[in-house]
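Shown next, in structure tokens, is the structure this report addresses.
Readers should treat all values here as calculations from the given coordinates under stated rules, not as data from a laboratory. Treat the numbers as computed from the prediction; the structure is a model and nothing was measured. Counting neighbours? That spans all protein chains shown, and the Cβs are built from the backbone with ideal geometry, glycine included.
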Amino acid sequence: MLRGQKKILFVFVLGLFFLASCVSQLKESKSLYSKGSELSREYKMEMAYSAYQKAYEKACLQVKKKPSAQAYMMKGLSELELEMWDEAEESFLKAFDYGFEKGEEWAQNISLFSLALSMEEFGLKEPAADIYDYLLSKSKLRQVSMLSVMKYSEFAIEKALKEEQNERLKQLENLFKKAAQLTEKDLSCGFYHYLKSQVLSHMKRYRESFEEAVMARELGLPTLEIQRDNDNQIVFCFRTLKDELTAGDWKKFESVYLRWIKKWGWEGPESPDWKRS
């Protein structure tokens, strides 16, 4: 009898240990993923990639030990950050099978985005752009939506700049409307303001371009490269407006400009902090 009780107790303790281990793996995966997101916002991309890789590994262990909707969701999110498109699609479908309602839709979004990447790679830019255009407004998966905006805007601006003046302006206005609609949906997204700034600049509306670039910088941008390009846009607007504005308007603008760059720690009107020697 005593031996049987010990055996039951052993199995019970082993079960508790196994359960705690599973909970721990999932918790660690979530924590590492959050850490990766934080590092990415700080533009520490190598460290962010490492955190996402570890989050992925923990999620893989979790789905092997105790598969669940949460485990597959974390696996899919980590794979998405690591650009493992096919694997992420499969993980979200698994998450859907385990009860995560958005899993199927997310998987479809990733499948479409992956298709667009392939089409672009093989020279079919226009059909790829159509897919990006669809996803930037329809995708509920933020990563896919954001990547699609980046891809589509790059294509649309390049295409517009090849056109004659009237057609160029028409296409730029259409792109600006799309960017404005995206901003209305999520005013806090720095990249949408960056896109508006870029388009406004090509439309020669430099004061508005400057204002959107300031918004973009304050809200944060997805990569260090984009942040620096945005800073260069701010400097470009400064130089252009200096030549275009009347003396009175320039004095007002310069006062505003100098307050902003002081806040950012720039060495001078045309010297962003990252250009320090």
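Quick look at the numbers
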item: Estimated FRET transfer efficiency (Glu173, Trp260; beta-carbon r; R0 22 Å; 0.05); result: 0.20
item: Relative compactness, the chain, computed as alpha-carbon Rg over 2.2 N^0.38 Å; result: 1.31
item: Within straight-line cross-link reach of Lys140, aspartates and glutamates at Cα separation under 12 Å, skipping those fewer than 8 residues along the same chain; result: Glu104, Glu105
item: Residue with peak Gaussian network fluctuation, the chain [Cα springs, cutoff 10 Å], from Phe238, Phe92, Phe210; result: Phe238
item: Using alpha-carbon coordinates, inclination of helix 206-219 to the longest axis of the chain, degrees; result: 20 degrees
item: For the range 179-234 and the range 66-104, distance of Cα centres in Å; result: 32 Å
item: Neighbour net charge for Ser137 - beta-carbon separation under 9 angstrom, K R +1, D E -1; result: +2
item: Reachable lysines from Lys58, criterion Cα separation under 18 angstrom, eight or more residues apart if same chain; result: Lys27, Lys30, Lys35, Lys66, Lys75, Lys94
item: log₁₀ of I(q)/I(0) at q = 0.10 Å⁻¹ - the range 61-164, Debye sum with one point per alpha carbon; result: -0.31
item: Spacing of the two label points (7 Å from each Cα toward its C-beta) at Tyr98 and Lys44, in nm; result: 3.0 nm
item: Value of Rg to Rh for the range 201-277 (Rh from inverse mean 1/r over Cα pairs, i.e. Kirkwood); result: 0.95
item: Qualifying aspartates and glutamates (Cα of each under 14 Å from Cα of Lys162; at least 8 residues distant if same chain); result: Glu154
item: Residue pairs, from the table Lys204/Lys251; Lys178/Lys251; Lys204/Lys252; Lys177/Lys263; Lys125/Lys170; Lys151/Lys178, whose Cα atoms sit over 23 Å apart; result: Lys178/Lys251; Lys177/Lys263
item: Computed over the range 87-222, Cα set: Rg, Dmax in Å; result: 16.4, 54
item: Pair Lys162, Arg207: separation of 7 Å Cα→Cβ label points (nm); result: 3.5 nm
item: Mean projected area in nm² (Cα convex hull; one quarter of hull surface) for the range 161-239; result: 5.1 nm²
